[in-house]
1. Would you call Val49 among the β-branched types (Val, Ile, Thr), open to solvent by 80 Å² or more (accessible area, probe 1.4 Å) and touching a residue at least 12 places away in the same chain (Cβ under 8 Å)?
2. Of the residues in the range 4-35, how many are open to solvent by 40 Å² or more (accessible area, probe 1.4 Å), without any contact (Cβ under 8 Å) to a residue 40 or more places away in the chain and over 19 Å from Glu75 (Cβ atoms)?
3. Regarding the range 65-74, can at least one residue be identified that is surrounded by fewer than 15 Cβ atoms within 10 Å (Cβ to Cβ) and not in a loop (DSSP other than H, G, I, E, B)?
4. Taking Asn80 as the residue in question, decide whether it is open to solvent by 30 Å² or more (accessible area, probe 1.4 Å), among the polar types (S, T, N, Q) and modelled with pLDDT of 95 or more.
5. Filter the range 36-46 down to the residues that are exposed (fewer than 15 other Cβ atoms within 10 Å of the Cβ) and not basic (Lys, Arg) and list them by number.
6. With the requirement that a residue be part of a loop (DSSP other than H, G, I, E, B) and over 17 Å from Asn16 (Cβ atoms), what does the range 75-90 give you?
7. Go through the range 47-64 and report how many residues are among the small types (Gly, Ala, Ser) and assigned to a strand (DSSP E or B).
Amino acid sequence: MELISTREGETIIINNFNAKMKIREDIAEKLLALYNKNELLNDSNITVVGNEAKVTGKIIIEKREKLVSVSFYYEKVEWNSGLKEIYTKI
């Protein structure tokens, strides 16, 4: 769990999985902004451009009454330094 916010009576929880410590808060804030603009689709892949890296991954949105869980599963991190990290299932 990276970030908790409230909006219009909803509690929104942003989760980053496989997150890197250096960028997790930045990416979580960008995801919250996208959610607040209704730009996130459940079960879709997106790319989020942060201050230190560009992260590609899958979004899962679950809603239960007034609780919203936005889970972002990192699949690729492209650091501004040129380093790329790709996550695979074994």
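1. Spelling it out, Val49 is indeed among the β-branched types (Val, Ile, Thr), open to solvent by 80 Å² or more (accessible area, probe 1.4 Å) and touching a residue at least 12 places away in the same chain (Cβ under 8 Å).
2. Result for the range 4-35: 7.
3. yes
4. yes
5. Asn36, Asn38, Glu39, Leu41, Asn42, Asp43, Ser44, Asn45, listed by residue number.
6. Of everything in the range 75-90, those that are part of a loop (DSSP other than H, G, I, E, B) and over 17 Å from Asn16 (Cβ atoms) turn out to be Asn80, Ser81, Gly82, Leu83, Thr88, Lys89, Ile90.
7. 2
The values are calculated or read from the model by the stated rules, or taken from the named source; none is laboratory data. All of these numbers come straight from a predicted model, not from anything done at the bench. Note that we place each Cβ from the backbone using ideal geometry, even for glycine, and neighbour counts take in every protein chain shown. Surface areas here come from the heavy atoms of the whole protein model, side chains and all, with no ligands, DNA or RNA. Shrake-Rupley method; radii C 1.70, N 1.55, O 1.52, S 1.80 Å.
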